[in-house]
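So the structure is just underneath, and the comments pick up after that.
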Amino acid sequence: MKGLSTILLLIVSNIFMTFAWYGHLKLQEMKVTTNWPLYLIILFSWGIALFEYSCQIPANRIGFSGNGGPFSLMQLKVIQEVITLIVFTVFTTVFFRGEALHWNHFAAFCCLILAVYFVFMK
């Protein structure tokens with residue numbers, strides 16, 4: 001159960017982080033934040049990132065084997081990176097229609113799957 005909780009929290013965390021890092025670009029494209037000064041964009045992104053941290057920190061604490069969770073620190077990091085790239089890919093293809101997936105993106109995803117395999121190998 002701790003493993004599932006960790007992964008779900010990491011997914012939610014990465015959704016917020018992706019919006020914090022890249023959502024302002026879509027808002028600018030939609031002419032919502034076009035005239036905002038940079039410091040306001042940064043504060044807006046920090047506000048979103050607060051929710052990211054509110055999920056990321058508990059996910060790491062619950063999932064870390066040193067706290068009774070099922071994952072080593074290396075496993076947590078690789079899981080987080082894979083989730084980040086999946087969330088980013090979905091975000092990019094849904095919100096930025098001009099971005100397309102190419103064969104090299106799929107090759108990179110295969111490499112990530114191999115990374116997960118190798119990090120969990122005994």
> If one takes the longest principal axis of the Cα atoms in the chain, at what angle in degrees, from 0 to 90 and to the nearest 10, does the Cα axis of helix 38-63 lie?
Replying inline: 10
> For Ser72 and Thr34, what does the FRET efficiency come to when R0 = 35 Å and r is the distance between their Cβ atoms, rounded to the nearest 0.05?
Replying inline: 0.20
>> Show me the GluC sites (Glu not before Pro) within the range 35-109 that DSSP assigns to loop and that have at most 14 other Cβ atoms within 10 Å of their Cβ.
In response: Glu99
> Taking Cα atoms of the chain, Rg/Rh with Kirkwood Rh, to two decimals?
Replying inline: 1.04
>> Output wanted: per-residue J couplings in Hz (rounded whole) for the range 10-16, from phi through Karplus 6.51 cos²θ - 1.76 cosθ + 1.60, θ = phi - 60°, x for Gly and Pro.
In response: 5, 5, 4, 4, 6, 5, 5
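A short reminder: the numbers here are calculations on the coordinates, not readings from a lab. Only a predicted model underlies this, so the values are computations on that prediction, with no experimental measurement involved. Note: ideal-geometry Cβ built from the backbone for every residue, glycine included; neighbour counts use all protein chains shown.
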